[in-house]
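S.K.: Have a look at this one before I ask anything.
The values are calculated or read from the model by the stated rules, or taken from the named source; none is laboratory data. Predicted model only: the values in this text are computed from it and were never measured. All Cβ positions, even for glycine, are placed from backbone atoms using ideal geometry, and neighbour counts span all protein chains on display. In case anyone asks, the SASA skips ligands and DNA or RNA and just uses the protein heavy atoms, side chains included. Shrake-Rupley method; radii C 1.70, N 1.55, O 1.52, S 1.80 Å.
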2 protein chains.
Amino acid sequence: MNRERYDINEIKELQKSINLMDPVDLAEIFEILSPYEIAIRIKLLNKDLLADTFALLSRSKKVDIIKTLSRESIMELIKELDEDELVDTLQELPANMVGKLMNHFIEEGRRPIINELLGYPDESVGSIMSVNFMSAKISRSIKEILDKVVNSDLDANKLEQIWITDNSLKLKGFVYLADLLRNIEQNIESILHPINKTVSAYDDQEIVAKLAFRYDLSEIPVVDSENRLIGTVPAEWAIDVMVDEYNEDISNIHGITDIEDDSYMEVSNLKIAKNRITWLIICLITATMTGFIIKRYESTLATSVVLAAYIPMLMDSGGNAGSQASTTVIRALYIGEVDYHTILKVMLKELKIGFYVGIALVFINILRIFFMDSVSTQVMLTVSITLLITVMISKVIGGMLPLIADKFKIDPTVMAGPIITTIVDTVALLIYFEVASKLINL
Amino acid sequence: MNRERYDINEIKELQKSINLMDPVDLAEIFEILSPYEIAIRIKLLNKDLLADTFALLSRSKKVDIIKTLSRESIMELIKELDEDELVDTLQELPANMVGKLMNHFIEEGRRPIINELLGYPDESVGSIMSVNFMSAKISRSIKEILDKVVNSDLDANKLEQIWITDNSLKLKGFVYLADLLRNIEQNIESILHPINKTVSAYDDQEIVAKLAFRYDLSEIPVVDSENRLIGTVPAEWAIDVMVDEYNEDISNIHGITDIEDDSYMEVSNLKIAKNRITWLIICLITATMTGFIIKRYESTLATSVVLAAYIPMLMDSGGNAGSQASTTVIRALYIGEVDYHTILKVMLKELKIGFYVGIALVFINILRIFFMDSVSTQVMLTVSITLLITVMISKVIGGMLPLIADKFKIDPTVMAGPIITTIVDTVALLIYFEVASKLINL
C-alpha cells in the first residue's frame, strides 16, 4: 500500500478517489500509511475533508502531522476544524503543543469559546456539544432569517434547524429551513416548533442520549442557566454516547475497570490483565465467606459427602436467578419505571416470580435426581428446599441491589455483576447447610 | 386527573397547553386518561400532532380509539400517519380491523407501498425505514429542485437532505437544502455529497445502527438491488435500534428470553417467570456435569473434606475470568477487530493474560490462606495450582467461544452468559480433583 512515487496521472486518479471517501475511512487508512503517502494525501484533499479526517486521527498521528505541516497549513487546518473538533484535539495533544497552537495559530476571535469548551468536565454535555448553530430572534421576518441563512458560512448540516429565541435571547423553539421556504409570507410563530427539552452543558452526556432516545430528537439544544442556547448535540453523536455507556455497563457487569476505546489486539497483555485483576481479587477475597461457611459445616459435610455434589448447581442457579432479576430491574430503572421508592413493590414482585421459577426448578431437579442420581430422600429434600428458597431470595436481592445502588448514586450495573454472585453464593450455602443439619443429622 | 366536564375557558386553556406538548409525553398521558378525556383531546389536538401521538400508543389504546372515532376522523387520522407509522399500527391491530382499514380507509394510492412495507421481515431495515423523502435527478437545475421543495407536502424534517440520482434513478448522493439556497446559480455537482454507504431493506436493522455509529450519519439511505433509493432511516431511529440490540445483548448474557418493550411492573409475574425459566433449566441440567464430577471424586473429598471449602472460590474465579475475556472479545468482534480467522491469536493472547492474572490471584490467595485458614501444604498447593490453570483455561475458553458462535451465525453474546459459566465450572472441578488426587491421596 505504501509507495515511493506517483506520476502525474496517478496523482490525478488518487485525488479524485480520496476526495470521494468518507473521513472515517480516510482516517483509518492514514493510520497505516507512510509519512510520504500521508503528506501526498494532505496536499490532495479538499480542506474541509482534510480537517474532518484529521479530527478522527489518533493522538500520535495528529502530533506527527502537526510537526510536519508548514505554519500556513496548520493555520488553514485549524480554521477548518469546528470548535468541538478543535477542543477534542487540544485535549489530546501534549501541553507545549497546545500552548503554541492557542497563542499563535488559533484566531484570536475563537480563543474565548475554545477556552470555555476546554473547561467543561469529562463526559459532560459541554464536552461533546457543537457551538456551530444558527439562531434568530422571533421578531425577525422569515425573509430576514432566510437572508441570514444564505449569507451564513456555517456547514450546511448546521442549517437544517434554525433556533428561535425571544428578544432577551431565551430559547423558544426551532423552525425547519424547509418550512421557512414554504411559508415565506407567514410569521415565524406559525411554523415554530416549541422546545421544552433542553440540557445543561454541565449535565452528564448520558442525559443527551436518553433524551434523543425518548423523544427521537435529531438535535438536542444545550442552554445556560438563563435558558439561552449555547450549543447543540446532534442525534448521531448521541449514538456514540450510547455506545460508550453500553460498553461501560457491560464492563461493569463483568468487572472490567478502565474502559477505553483502546484496541483489544494492540493493548499489551499486561495492561489488560491489570484492568481485569481488581474485580477478580475482590471476588477472591469475598469468596472467603463461602469458604468459611463450608468449613463451619465440615462435620455435616463429612457425614454426607454427597451434599458437596449439589453445591455448584445451587450456587449457579442462585447466581443466574439473581442476575436475571437485576438485569430486568436495571432496564426498568433506566427508563424510569421503577426507583428506590418502589423498592418494596419490586421485592414483592421478584419474590413471587422467584416462587414460580423456583417451584418449576425443584420439580425438574427432583426428576433429574430420580432418574440420574441415587441419593437418600433426606438429601433430595434438602436440595429441593434449598433450591426453592435460594432462587426466591436471589430474585429479591437481585431486584433490590440496583435500586439501592441508584439511591446512593452508584452505577446500578456494578451490582449486576460479581457482587450479586458473591452475596447469593453466601446465602445459598448458609441455607443449604442449615437445612441439611436439620434434616440429615437429626 | 380524569375529569367529568370542562367549561369553555378551560377547553381553550387545555387546547393551548396540549398542542405545545411532545407526542411522546402526550401518548404517555393518553394511556392513563379516561375515554372521555381522550375524546376531548382528540378533538382539540392539531391533526399532525394527533397522528404522531396515536402512532406511539399501545396496541389496546389504538384499538379503543379507532372503535370510538367516526368514519371521517379515521380517514383523517390515517391520512396524517406516515407510511412507516401506518405499517407499525397495522402490524399491531387485530386482523379484521386491518382488513377493514386496508379496504375502506387507506387511500388507494398508498396501498401498494403499505403492502410492500408489510412484507419486510421483522427487525429488517425495511421494517423500520421511512419512505417519505425527496429525490431529484442530477440533470435538474438547483432552481428546479428548490421549486420542488417549496411545493412539497412532505414534513419539513424530511426535506433537510435532498437525495440526488442519476438519470436512471440510481442513487448518487445528497445535497443539503441550505447549500441549494446558497449556491442557486451553481450546478448540483458542486454541492453534491457522494454516498457510498447504503443498506438494503432486507439487511438486519443492526447494520443501520452500526453505520450510523461508525460514520456519524444523520440519514442512512436504503436502496434496492439496482441501487435505487427506496427509503431512509434517520439517526435518531438508529438509536432506538441500538437500545433494542443492547437490551438483547444484556438479556442474552443473563439468559432471559423473549425481550420485548413490555413494562416490567405491568407484565404478569407468571409471564416474566416463563421468560426466565428456560435458561435456568438449561443451567440446572448442565450442572449435572459438575455433580457427576464431585460424586466421582467422593472418596478424595471424603479423605479431605476441607477441599470442598475452595470449590466456590475456584468456580467463581474461573467464571468471572471467562466472562471478562468473552466480554472484551465480543466488543472487539463487534467493531470488526477480531473474527474467526484470528481465533488462535486471541487464544494465545488470553492465555498470556490469564497467566498474569492467575499468578497474581495465586499470590493473594496464598496470603489469604496463610493468614486466615489453617490447611495442609498439600491443600494449599492443590488450590494454587488449580486456580492458576483454571483462570488461564477460562480466559482461553472465554475468548474462543464468541468467535466460534459468530462463525456459526449464533449471537456471540449468548456465549458470554450461563454457557461459559457451566463449561468453566466443569473444567475447574476436573482440574481440582485431578490435582488433589495426585497431591493428597498419593
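S.K.: Given a Förster distance of 22 angstrom, what is the FRET efficiency for B:Ser141 paired with A:Asn157, based on the Cβ-Cβ distance and rounded to 0.05?
M.R.: Values: r = 23 Å, r/R0 = 1.03.
With R0 = 22 Å, the Cβ-Cβ based efficiency is 0.45.
S.K.: For B:Pro121, which inter-copy label distances result when the label point lies 7 Å beyond Cα on the Cα-to-Cβ vector, reported in nm to one decimal and in ascending order?
M.R.: Copy-to-copy label distances at B:Pro121, shortest first: 4.6 nm.
S.K.: Could you check the simple spin-label distance between B:Arg59 and B:Glu31, using points 7 Å along Cα→Cβ, in nm with one decimal?
M.R.: Using points 7 Å along Cα→Cβ, the separation is 1.5 nm.
S.K.: Also, I was wondering about something else. If you build a Gaussian network model of chain B, linking Cα atoms that sit under 10 Å apart, which residue out of B:Thr290, B:Thr303, B:Thr422 swings the most?
M.R.: Maximum fluctuation in the GNM of chain B, among the listed residues, is at B:Thr303.
S.K.: Also: Which of these, A:Asp406, A:Asp25, A:Asp216, has the largest mean-square fluctuation under a Gaussian network model of chain A (Cα springs below 10 Å)?
M.R.: Among A:Asp406, A:Asp25, A:Asp216, the largest GNM mean-square fluctuation belongs to A:Asp25.
S.K.: Treating the point 7 Å from Cα along Cα-beta-carbon as the label, what are the nm separations from B:Asp25 to the other copies, to one decimal?
M.R.: Once sorted, the set of distances for B:Asp25 reads 4.3 nm.
S.K.: So, one more: Ignoring ligands, DNA and RNA, please state the percent of accessible area on chain A from carbon and sulfur, probe 1.4 Å. Kindly include the intermediate steps, with their values, before the conclusion.
M.R.: Working: 11160 of 19940 Å².
Within chain A, the accessible surface is 56 percent carbon and sulfur.
S.K.: Can you tell which of A:Leu90, B:Leu344, A:Met242 lies farthest toward the positive end of the dipole of the protein assembly as shown, using +1 and -1 charges on the Cβ of basic and acidic side chains (Lys, Arg; Asp, Glu)?
M.R.: Result: B:Leu344, furthest along the dipole toward the positive end.
S.K.: When all alpha-carbon pairs of the protein assembly as shown are counted, what percent fall beyond 55 Å? Don't skip to the end; give the middle numbers.
M.R.: Working: 86106 of 390286 pairs.
So the pairs more than 55 Å apart make up 22 percent of the total in the protein assembly as shown.
S.K.: Moving on to the next point. Helix A:35-44: angle to the longest alpha-carbon principal axis of chain A, degrees 0 to 90, nearest 10?
M.R.: On a 0 to 90 degree scale, this one is about 50.
S.K.: Any residues in the stretch B:216-232 that have 40 Å² or more less accessible area with all protein chains than in their chain alone, probe 1.4 Å, and which are they?
M.R.: B:Asp216
S.K.: Heavy-atom accessible area per residue, the protein assembly as shown, 1.4 Å probe: how many Å²? Present the calculation step by step, with values, prior to reporting the outcome.
M.R.: On the way: 39860 Å² over 884 residues.
Ligands and nucleic acids excluded, the result is 45 Å² per residue.
S.K.: Right, here's the next one. Name the residues of the stretch B:324-368 whose accessible area, probed at 1.4 Å, falls by at least 40 Å² once all protein chains are in place instead of their chain on its own?
M.R.: B:Gln324, B:Thr327, B:Thr328, B:Arg331, B:Glu337, B:Lys349, B:Ile353, B:Tyr356, B:Val357, B:Leu361, B:Ile364, B:Arg368
S.K.: With a 1.4 Å probe, what is the total accessible area buried between chains A and B, in Å² rounded to the nearest 100? Provide the component values of the computation, followed by the final result.
M.R.: Numbers: alone 25290 and 25270 Å², together 39860 Å².
Using a 1.4 Å probe, the pair buries roughly 10700 Å².
S.K.: For chain B, take the longest principal axis of its alpha carbons; what is the angle in degrees between that and the long axis of helix B:311-334, to the nearest 10 within 0 to 90?
M.R.: 40 degrees
S.K.: If you don't mind, another one. Ordering A:Leu367, A:Leu192 from largest to smallest accessible area (1.4 angstrom probe), what's the sequence?
M.R.: Largest to smallest exposure gives the sequence A:Leu367, A:Leu192.
S.K.: Still on this structure, please answer the following. Return the loop-located chymotrypsin sites (Phe, Trp or Tyr not before Pro) in the stretch A:1-87 (DSSP other than H, G, I, E, B) with at most 16 other Cβ atoms within 10 Å of their own Cβ; answer none if there are none.
M.R.: Details: sites: A:Tyr6, A:Phe30, A:Tyr36, A:Phe54; in loops: A:Tyr6.
Within the stretch A:1-87, the qualifying chymotrypsin sites (Phe, Trp or Tyr not before Pro) (loop, at most 16 other Cβ atoms within 10 Å) are A:Tyr6.
S.K.: May I ask for the angle, rounded to the nearest 10°, between helix A:269-296 and the longest principal axis of chain A, with both axes built from Cα atoms and the value confined to 0 to 90°?
M.R.: Taking the Cα atoms of chain A, the angle to A:269-296 is about 20 degrees.
S.K.: What nm distances, shortest first, do you get from the label point of B:Lys197 to those in the other copies when the point sits 7 angstrom along Cα to Cβ?
M.R.: Reported distances to equivalent positions: 2.3 nm.
S.K.: In straight Cα distance, which aspartates and glutamates are under 15 Å from B:Lys295, not counting same-chain residues fewer than 8 positions off?
M.R.: A:Asp373, B:Asp425, B:Glu434
S.K.: For the full complex of protein chains and a 1.4 angstrom probe, list A:Met265, A:Met392 by accessible area with the highest value first. Walk me through the numbers on the way to the answer.
M.R.: Details: A:Met265 60, A:Met392 40 Å².
I get A:Met265, A:Met392, largest accessible area first.
S.K.: Residues with beta-carbon under 12 Å from that of A:Met97, excluding A:Met97: net charge, scoring Lys, Arg +1 and Asp, Glu -1? Display every interim value, and only then the final one.
M.R.: Details: positive: A:Arg59, A:Lys62, A:Lys67, A:Lys100; negative: A:Asp64, A:Glu92.
Result for the neighbourhood of A:Met97: +2.
S.K.: Near A:Lys345, which lysines are there with a Cα under 27 Å away, not counting those fewer than 8 places off in the same chain?
M.R.: A:Lys210, A:Lys395, A:Lys407, A:Lys409, B:Lys61, B:Lys271, B:Lys274
S.K.: Another question, if that's okay. Based on alpha-carbon centroids, what's the gap between the stretch A:337-377 and the stretch A:1-70 in Å, whole number please?
M.R.: 60 Å
S.K.: Which one of A:Ile66, A:Leu49, A:Leu33 has its Cα pushed farthest toward the positive end of the charge dipole of the stretch A:25-76, where Lys and Arg give +1 and Asp and Glu give -1 at the Cβ?
M.R.: A:Ile66
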